[in-house]
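The values are calculated or read from the model by the stated rules, or taken from the named source; none is laboratory data. Note that the coordinates shown come from a computational prediction; the quantities given were computed from them, not determined experimentally. Neighbour counts run over all protein chains shown; Cβ positions are idealised from the backbone, glycine included. We work out accessible area using only protein heavy atoms, side chains counted, and drop any ligands, DNA or RNA first. Shrake-Rupley method; radii C 1.70, N 1.55, O 1.52, S 1.80 Å.
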2 protein chains.
Amino acid sequence: MDQIELFFAGTGGSVPTPRRGLPATLARLDGDRLLFDCGEGTQRQLIRSIGLADLDAIFLTHLHADHWLGIPGLVRTLELRGREKALDIYGPSGTAKQLAAVGIATGKTDYELHISELEAGDAIEFDGYEVEAFNVRHRGTALGYTLVEKGRPGRFDPERAAELGITDGKEIAALVAGDNVREVEPAEVIGEPRPGRKIVISGDTAPCETVEVAASGADLLIHEATFADEDDERAAETMHSTARGAAQVAAGANVAMLALTHISARYPVRKIIEEAEAVFPASVVPRDFDAIKIPFAEKGEPVLLRPDDVKVEQVGAPQFAEAAEEGSAKSEN
Amino acid sequence: MDQIELFFAGTGGSVPTPRRGLPATLARLDGDRLLFDCGEGTQRQLIRSIGLADLDAIFLTHLHADHWLGIPGLVRTLELRGREKALDIYGPSGTAKQLAAVGIATGKTDYELHISELEAGDAIEFDGYEVEAFNVRHRGTALGYTLVEKGRPGRFDPERAAELGITDGKEIAALVAGDNVREVEPAEVIGEPRPGRKIVISGDTAPCETVEVAASGADLLIHEATFADEDDERAAETMHSTARGAAQVAAGANVAMLALTHISARYPVRKIIEEAEAVFPASVVPRDFDAIKIPFAEKGEPVLLRPDDVKVEQVGAPQFAEAAEEGSAKSEN
């Protein structure tokens, strides 16, 4: 797998703001598209930015309205567009019942729809990576998700091999396959296995150990930060996190980058960033339509991309030209 | 009542587009705020434009997902904002059950919420106007709404009265109250009663007589126009209207202005306008965040207002500065 990129389709929390839609984060992994949470308005956020991606699966962290109410409209729109590919929806216990209440159920769409409920420890296998659910601490059942790429074998070192007299292609192939060649063992010419990239998505949660454990050594932790320090009691009461609390989890897990989401209009964003950075300097607060690209570990750190640098999925998508678009909407259309 | 203004919070149909949100039209009548339909994303459309108005009532035309899915989020957001005033939700048969399925029901909010199901002929009285439901022709039960202002008495003509020897205030008051004064009858000095302003909202419907009857002589008919002529068969199959079909209804009802909504991204808007204007010249296709102001009949025709001329409801609302807003969102926030 080459590309791993997280696109922030909605970075607000609870209530949308002029700038921030309700929670939705799209993972792009080569050709695969996974959506994590789908708040009200997510289909339009995608239509306004990269285009309505050809989703493979939707993972819900929990069933509070701001995290799932975008599903019925999205599922219906995909149908109107003539989708043929199956769509998988995963969520915590209760997901099937909640979606059925709004008419979304297996057998009720023109394309195949599968709704599966997950528990902590359940892992969904994809080609080259998996998504595993873990419990977080929020009101009611709530999950976080670990997206982890399969590890790659260690690199073959041709110089060291030549020193040991290994230059023949067949012999190299044998070593790479794990066999000894004469007295040379694979470990002498092949480096340590390279772990896959790892992204952890907290969903809504108070700071908790399960997130810290899941995120240990992750390339990217996407963690909610609903409150600033001044409201830490309210954060505790509602089982949300402050920016500082999220940063402490990121520091404990030693992640490469912390991206804060579920941002309230209550505070200047600067305050959220500063309170996080004081604890964990590699903190960012993506805006809607930003993305974070995760390169292979040996190629550097995760990078926050602005809309101009994010690839549009679909011909006819507005290429993020929000300003231009809205400007032109004021002339005759 | 002085102000009657219709604000177009969402003019798209079925599927949102970059420029058009899902159906929602806000009527502003002096201090009253009535929302007609509430598609997914309506709360954010309001937050992005005039601010989240202090709604008095929501009227649903029918229960297709694109017309009501914005309610749960909106109801929840009003609660988070500490609303105390009661909110009335009206809709066709099935509304209470559908909303209960997403947790919206009387007694489930911190403020009073009333959900009432209407049938054709049911009228809700407000101070100075009423809203009456009528049946339209769409798949399943679907209503249109007539918003009609109470009539005003005729104007007193002081010159004619003086000619008849009536100049005394008490005598004038008696005539205005309907009593004869000497041989002078009220009708000799008081003009015809002036009918109230009338706005009709079709909801989703094939062109139909009930709309034409309801809209007879209306100041404004807001009618769906999901299809262009080239797709008239599809319009008939899905029980929607073409722009031409809507214009024929407007012409038959002799309305002052026709505003087309439920606009598809399938066609250039110019085509929709042209097909309507060919039949009914006083046709407009409002864009999201446009409004139509309905003056008293003696003060002229309805006027289409662009966002710069629409009053923002609420301090802190972004004043429609969509372009500026999205532009600044690209710098640090």
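A few comments on the model shown:
- Looking across A:His223, A:His240, A:His262, one residue alone is over 22 Å from A:Gly151 (Cα atoms) and either open to solvent by 10 Å² or more (accessible area, probe 1.4 Å) or free of Cβ contacts under 8 Å to residues at least 24 places away in the same chain (or both). It is A:His240.
- Among the candidates A:Val148, A:Val136, A:Val176, A:Val131, the residue that is of a type in the set (A, V, I, L, M), in contact with a strand residue (DSSP E or B) (Cβ under 8 Å, 6 or more places away or on another chain) and within 24 Å of A:Ser14 (Cα to Cα) is uniquely A:Val136.
- Search result, residues across segment B:8-38 that are part of a strand (DSSP E or B) and hydroxyl-bearing (Ser, Thr, Tyr): B:Thr25
- Among residues of segment B:39-52 being touching a helix residue (DSSP H, G or I) at 6+ places or on another chain (Cβ under 6 Å) and part of a loop (DSSP other than H, G, I, E, B), the one that is nearest to B:Ile89 (Cα to Cα) is B:Gly39.
- Enumeration of residues in segment B:55-76 that are in contact with a helix residue (DSSP H, G or I) (Cβ under 9 Å, 6 or more places away or on another chain) and more than 12 Å from every other protein chain (Cβ to nearest Cβ): B:Leu55, B:Ile58, B:Leu60, B:Thr61, B:His62
- Residues of segment A:161-174 satisfying the condition of being assigned to a helix (DSSP H, G or I) and either among the β-branched types (Val, Ile, Thr) or surrounded by 14 or more Cβ atoms within 10 Å (Cβ to Cβ) (or both): A:Ala161, A:Glu171, A:Ile172, A:Ala174
- Hey, B:Gly73 more than 23 Å from B:Ile292 (Cβ to Cβ) and surrounded by fewer than 23 Cβ atoms within 10 Å (Cβ to Cβ) or not: no
- Filtered residue count, segment A:285-314, keeping only those that are open to solvent by 30 Å² or more (accessible area, probe 1.4 Å) and touching a Gly at 6+ places or on another chain (Cβ under 9 Å): 3
- Residue check for B:Gln45: facing chain A (nearest Cβ under 10 Å), open to solvent by less than 30 Å² (accessible area, probe 1.4 Å) and among the polar types (S, T, N, Q): yes
- Against the list (1) away from chain A (no Cβ under 14 Å); (2) open to solvent by less than 40 Å² (accessible area, probe 1.4 Å); (3) closer than 24 Å to B:Ser14 by Cβ, the condition B:Ala86 fails is (3).
- Meets criteria (within 14 Å of chain A (Cβ to nearest Cβ), modelled with pLDDT of 95 or more and more than 20 Å from the chain's Cα centre (by Cα)) for B:Arg244: no
- Residue identified as hydrophobic (A, V, I, L, M, F, W, C) and surrounded by 24 or more Cβ atoms within 10 Å (Cβ to Cβ) among B:Leu55, B:Leu60: B:Leu60
- Any hit, segment B:150-161, residues being touching a Gly at 6+ places or on another chain (Cβ under 9 Å) and aliphatic (A, V, I, L, M): no
- Condition met for A:Glu5 (away from chain B (no Cβ under 12 Å), in contact (Cβ under 8 Å) with a residue 60 or more places away in the chain and not aromatic (Phe, Trp, Tyr)): yes
- Each residue in segment B:181-212 was checked for being farther than 30 Å from B:Val15 by Cα and either hydrophobic (A, V, I, L, M, F, W, C) or touching a residue at least 40 places away in the same chain (Cβ under 8 Å) (or both), and 10 of them qualify.
Table: residues versus (1) part of a loop (DSSP other than H, G, I, E, B); (2) not aliphatic (A, V, I, L, M).
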residue: B:Val213; (1), (2): no, no
residue: B:Ala218; (1), (2): yes, no
residue: B:Glu230; (1), (2): no, yes
residue: B:Arg266; (1), (2): yes, yes
residue: B:Pro286; (1), (2): yes, yes
residue: B:Phe289; (1), (2): yes, yes
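- Annotation note: Cβ proximity below 8 Å between a residue of segment A:302-322 that is modelled with pLDDT under 65 and a residue that is open to solvent by 70 Å² or more (accessible area, probe 1.4 Å) (sequence gap 6+ or interchain) occurs for A:Phe320/A:Asp308.
- Pairs linking a residue in segment A:118-135 that is at positive phi and open to solvent by 30 Å² or more (accessible area, probe 1.4 Å) to a residue that is at pLDDT 95 or above and among the small types (Gly, Ala, Ser), with Cβ atoms under 8 Å and 6 or more positions apart or on different chains, are A:Gly121/A:Ala133.
- Residue list for segment B:175-220, restricted to those being touching a helix residue (DSSP H, G or I) at 6+ places or on another chain (Cβ under 7 Å), of a type in the set (Val, Ile, Thr) and buried (at least 21 other Cβ atoms within 10 Å of the Cβ): B:Val189, B:Val200, B:Thr205, B:Val211
- Within segment B:268-284, the residues that satisfy the criterion of being surrounded by fewer than 19 Cβ atoms within 10 Å (Cβ to Cβ), touching a residue at least 24 places away in the same chain (Cβ under 8 Å) and part of a loop (DSSP other than H, G, I, E, B) are B:Ala278, B:Val279, B:Ala282.
- Out of A:Arg20, A:Arg33, sole residue that is more than 10 Å from chain B (Cβ to nearest Cβ), basic (Lys, Arg), closer than 22 Å to A:Arg306 by Cα and open to solvent by less than 20 Å² (accessible area, probe 1.4 Å): A:Arg33
- Scanning segment A:96-119 for residues that are within 14 Å of chain B (Cβ to nearest Cβ) and out of contact with any Pro (no Cβ under 9 Å at 6 or more places or on another chain) yields a total of 8.
- One residue from A:Glu5, A:Glu40 being farther than 21 Å from A:Ile292 by Cβ and open to solvent by 10 Å² or more (accessible area, probe 1.4 Å): A:Glu40
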